[in-house]
Structure formats: structure tokens, C-alpha cells
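As C-alpha cells, the structure follows; a few thoughts come after it.
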Amino acid sequence: MIARESTSFFNCEYDPIHKDVRTAFLSEQRTAAKRQDAIDSRRTFLCGCCKRPLKIVGGTENGKKCFHFMHIEVPPEGECDYYEKVPFSKEEIKAMLFHGRTESVQHRQTKGKISSALVSEPDIVNVAVEEVAKHIGKSWRKPDIRADFEDKTVVFEVQLSPIFHHVILERNDAYRDNGWYICWIFDDVNEDHPIMRELDAWVNNNYNLFGFDDEAKAATEKSGRLHLTVKYYVFNIIEDGLNSRLCGKWQTETVQFSDLTFDADHRLVYLHDSNSEKQECIERIECIISECKKEIEEAERLAQLEIERKKEEERKRLIEEQRIEEERQRIHQEKEDVINFIYKIPEYNFPSEMFRLTLEYLGQIDKEGIMILLSSIEANIKYFETDAINKWLKVVCEIVKQRGEGVQTAKYLWNEVIYKFEESGNKILHLSLKDFFSVMGIRDYSRALKLLMRPIDDDTSDWLSSISASDKDFEYYAPLIILNRYYRANRHIPERIANFFADNTREIWCLISAQIGKPFGYKDLQNLKQISNLVWNSYPHISQLFIYLIERNGLVHTISDVKYKNGKPQKSQYQKLKELIDSQKNQPLIEVTLEDLEIIFPAKRETKH
Ligand SMILES: [Zn+2]
């Protein structure tokens, strides 16, 4: 007897699918291990010690039915450590004792009842009953009952006593090879646990087991037709992911013999096609398991992708961190450079790169640094090169705009720069009108306007656009607003136009041209008297601006001479406009709309704003 290391096999631990249908599985293996070709080719269970083929036999252990391995042949003395000489089981001894002796009364009665019922079956041709007891051996023997139907022959083996496994297999093969159907009949198949000989017949007959029990006998007697009780196995599935497996349960039905299925291909008689059912279940289990594996693989693949994504994210984060650190160091270094530079500004040149950095870090320099810078600029004003003084002016204008400090220094610089650039005939770089206004106020910009490389930049333009007609100094801005219109429409101001505006008197012509929708320098407007008359009559809302420009340009005399009509003095143009302005005092100036100026520089030509 081989018990060693075979427990896991008999518990089906290695094959989870069959765990829950262990009896069916082991019964199949028991049959498979018995096949002569398997034994001859040694493709069967072999002893771990002597390598001889093994068979599976049934026995009892602790009162429970169990299977175990056993050598098929007795190995010579001393050749196998595992071989233990055990006596035949009680069942085997009974089988050996019985064969060769007369059959029991019960056996004969059962045969009689079955055969007489068979006579009444439809299509029956002949029923033969063997009266002689059978012998063990491989020679051909007659069956207990042979029933010839018109289309088939069915033999019945009534097995009420123990029988060797190989006998069942041999007879199955012999009859089926002969084209007959075989039904093993047991007396009682309703027990909870079929005995071994029943299992052998069951597993080799599509998991259908026939019994001629009390129920079958009663049904047969009552109807006069042969009835059998069929105990069969219903296979099903326990769905449990990767652990999905077969399960099965016994079912018992008493049916009429002619209602059984006769499978001509395999010469099998059965009620329920358990084999096909089992096959379908196995295929479904394989499907479930393969789906599960796919899901697991997909989950693993996604998990791997996630890991890679996180790695990549971490890598990018480190790179970004490094970049930020380098940037921080660069900024720190640049700031240091700027501080070093402004603490000891050179008298002459101001390198472009340092100029850019100074403007960039100006906001981060502390008050002390700014004070030192301003005083060293003042101390050096007379010694700066033209380019350097231009750049320092821009720096100081930024200080004024950002902090309100350094207005005085900026004024010195503006005066110095305007003077120097007028002398040299060069243009002031980097600065705009807004830089001028922020230091010098809004008056007298015309001198700077002429010299500025870019009189209006985006900064200035935004600031001019924010001026409203009610602003106190609106009249100062009027020409500039016109210029700004031009800038916004064209994104630059030609020098000749800047020069045109830099000559104050032209403001007046410009203003009026705009009002009447004529281009600059409209020739018919030479006469200021005519113009003031036009303003008085048609454009009273710009009279205040007009008079301001007349006064600012010292042209009052041109419109203030008094005429006499019928000996009475008439009011001058100037007086009339002044009175008009007085009458308007309480009226806001909002009527001087910027839209009026669109006539010259239509806003629709703008590409930006
Ligand atoms: Zn052995």
C-alpha cells in the first residue's frame, strides 16, 4: 500500500477544479490507471521507489471510504521500500470466494423480474437469460440478460455482490466493441455513498448508475414495463474567480427503461448526459479563469504604467526643482551684481546688460541702497557720458514711479539730458512721455516731446486713455490725446508729427482740424479770428480748451481787438469766448469727447486696444 506523499493527490489539492467532484475525478483516474496501454507505455502512476505502475484502489480509513495507490504487481522481495504486503480487502476476498460458486437467490429473482418486464418492451425481438454462474477470466462470457431489440442489443449485468474493477472494464469494452449496450444493475443505488463497484460502473457510464431497487420494482410491477432507478451526477460550477471549480450533486430518478438515451457513438445508456455537462462546465471554468487572468494582467499592466508615470513625474519634479534652484541662484547672483554696481557706480559708461539688470532688480533694492544710488548719481551728473546719463535718467524715473523718491535727482537729470541732447541733436532713448510727466508734471512737455525717441509707448498710451474730460488739466492733454489716437491706430508716431505737436501753436490748428474733420494744417484755417468765430458758433464745448491754447501760445491779441459798429464797441472774439466759458462754469466738460477726434485717427484702424 502506498500512502506516502499521495495525500495531496487524493485530496485533489493540486487540481482545484476537481476539488469539489473528487469522487468523480478519482474514479476516472482509477479507470485510466487500469488501461493496459497506459500501463505498458508507463504513462500512468508509477511508484516513487521501484518505478513500477500503480493502480488506485478503494479502502476504508477510520470508517470513511477512501482511495489509495497500490502496486499492480508484487515487486520481488526487497526491491521496493514502499511495498507493503497487505491482505486483500474484505470485498475482494468476498469477490474471489463468490465467483465460481452459485449465484444467490436474490440475484436470480432480479434477473427474472427484469427479463420478464423486457418481454413487454416495444420492438423487442428476443430476451435471453443466462442461468449459469459466471467465471472470472478474460475469456468471452455470456451476459446475465441479453435483450435484442429491432435496432439494438442491450445486455444487463446484475451485480449484487463484489466484483473486481478490471472485470467491469473488460466487460464494458467487450460488449461495446461488439456494438452492444451494457447496463450494470445494482440492487440499491439510493445509498448516500455509492460503494466502489458502483462507482466503477458509474464513472464508465456517463456518470449514470442503474439500480433495480424497491421503487423500480414497484413501478415495473405496476406498469408492466421495465423501470430503473437512475442515480446520476449533475455537474455545475462554483464561480470563484481564479478558484472557480466544478461541483456536482447526485440525483436519483426512477424512469421507464425505454425513456433512457441510447448513445450510438459511445454505446452508452444513460438518463442524464453528465459527461457533456461536465465538459461544458470545464470550458466555462476555463473561460472564467482566462478572463480573470486577463483582468489581473490588465490590472498589473496599469499598475506598472502608474509606477512608470509616477517615476516620470518624480523625475520631472526633480528637474523642475533643480531648474528653480538654478534660477534662484542666478537671480541671487544678478541681484548681488546690481547691488555691487550701484554701490560703486562708474563715472563714465553704463553697460547695456547692467542697465537691464538694474531696471529688473530696482524694486528689490532696499532704501539705503536707493539713497546711496541717488546721491552718487547727483555727484556724478556732470561726468556721465551721454549714453550713461540717458540710462541713469531712465533708472531714476523708475525710482520716482515705483517709490516716489528721487524727484529732485530726476529733475536735474531731465534738464541735463534735454540740454545735452538738444546740443548733440540726438534722440533720448529708453524714455517716454510718461517718464517725463511723472517727474516734471504735465506742463512744458513740448521740449521733451521733440527729443524723445518714442514719445508715446504703451505705458504712456494707457495712461492717456485713462484721462477723462473732467480732469483738471484736460486742456493740456488735448494734443497728446490726439497723438495717442494716432499711436493706437498706427503703433508708432512719425517724427514729423511729433515735431508738429512739439510746436505749441499748432495745437490750435490740430484741435480745430479735428473738430471740423479736416486734415492737419488745413490751409483755410489760417485766420485765428475765423477760427474763434467758428468755435463760438459751432463748437462751444471746446471753447475753454481753445482759449487755453490761445493764451498759452500768447495769441490773445490776435482775437481781442474791438470793432465799432454804429459808434458802439462790439465785444472781441476773446471776450465773447470768455463769457461763454463763464456761462459754462458749472457744466462739466464731458462734451469734449474723444470720439470727436476719431475723425482724424479713427479707432477702427486700431489693431490692438
Ligand atoms: Zn514500488
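Scan the range 85-107 for residues that are exposed (fewer than 12 other Cβ atoms within 10 Å of the Cβ), at pLDDT below 80 and more than 16 Å from the ligand (Cβ to nearest atom) and jot them down. So that I can check it myself, show each step before the final result.
Residues of the range 85-107 that are exposed (fewer than 12 other Cβ atoms within 10 Å of the Cβ), as a first pass: 85-88, 90, 97, 100-102, 105.
If we keep only those that are at pLDDT below 80 as well, we get 85-88, 90, 97, 100-102.
Within the range 85-107, Pro87, Phe88, Lys90, Leu97, Gly100, Arg101, Thr102 meet the criteria.
Exactly one residue out of Ile331, Ile237 is aliphatic (A, V, I, L, M), within 30 Å of Leu357 (Cα to Cα) and over 34 Å from the mean Cα position of the chain (by Cα): that is Ile331. With respect to Lys316, is the statement that it is closer than 30 Å to Val155 by Cα and assigned to a helix (DSSP H, G or I) true? Spelling it out, it is not the case that Lys316 is closer than 30 Å to Val155 by Cα and assigned to a helix (DSSP H, G or I). The residues in the range 182-192 that are under 17 Å from Phe210 (Cβ atoms) and surrounded by fewer than 22 Cβ atoms within 10 Å (Cβ to Cβ) can be counted, and the count is 4. All of (1) within 13 Å of the ligand (Cβ to nearest atom); (2) modelled with pLDDT under 85; (3) surrounded by fewer than 18 Cβ atoms within 10 Å (Cβ to Cβ) hold for Tyr82 with one exception: (3). Do the conditions hold for Asn205, that is, is it at pLDDT 90 or above, under 60 Å from the mean Cα position of the chain (by Cα) and in a loop (DSSP other than H, G, I, E, B)? So Asn205 fits the description; yes.
Please count how many residues of the range 61-78 are in a loop (DSSP other than H, G, I, E, B) and away from the ligand (no atom under 16 Å from the Cβ). The number of residues fulfilling the criteria is 2.
Which ranges mark the helices (runs of 4 or more DSSP H) fully within the range 494-580 that have 2 or more residues being surrounded by fewer than 16 Cβ atoms within 10 Å (Cβ to Cβ) and modelled with pLDDT of 75 or more? Give the derivation first.
On the way: elements: 495-502, 505-516, 528-538, 543-552.
It comes to 528-538.
Residue check: Glu475 meets all listed conditions (1) over 30 Å from Phe355 (Cα atoms); (2) at pLDDT 80 or above but one, namely (2).
Yes/no per residue for (1) under 60 Å from the mean Cα position of the chain (by Cα); (2) closer than 13 Å to Lys111 by Cα; (3) buried (at least 17 other Cβ atoms within 10 Å of the Cβ):
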{"residue": "Ile163", "(1), (2), (3)": "no, no, yes"}
{"residue": "Pro194", "(1), (2), (3)": "yes, no, yes"}
{"residue": "Asp213", "(1), (2), (3)": "no, yes, yes"}
{"residue": "Ala218", "(1), (2), (3)": "no, no, no"}
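Scan the range 18-43 for residues that are among the hydroxyl-bearing types (Ser, Thr, Tyr) and within 52 Å of the chain's Cα centre (by Cα) and the total you get is 2. In the range 38-62, the residues that are under 19 Å from Tyr82 (Cβ atoms) form Cβ pairs under 7 Å with partners that are assigned to a loop (DSSP other than H, G, I, E, B) and away from the ligand (no atom under 14 Å from the Cβ), at six or more places apart or across chains, as follows: Gly59/Ser89. For the range 30-60, the set of residues classified as closer than 16 Å to Phe164 by Cα and away from the ligand (no atom under 14 Å from the Cβ) consists of Arg30, Thr31, Ala32, Ala33, Lys34, Arg35, Gln36, Ile56, Val57, Gly58, Gly59, listed by residue number.
The values are calculated or read from the model by the stated rules, or taken from the named source; none is laboratory data. Source: prediction; values computed, not measured. Note that we place each Cβ from the backbone using ideal geometry, even for glycine, and neighbour counts take in every protein chain shown.
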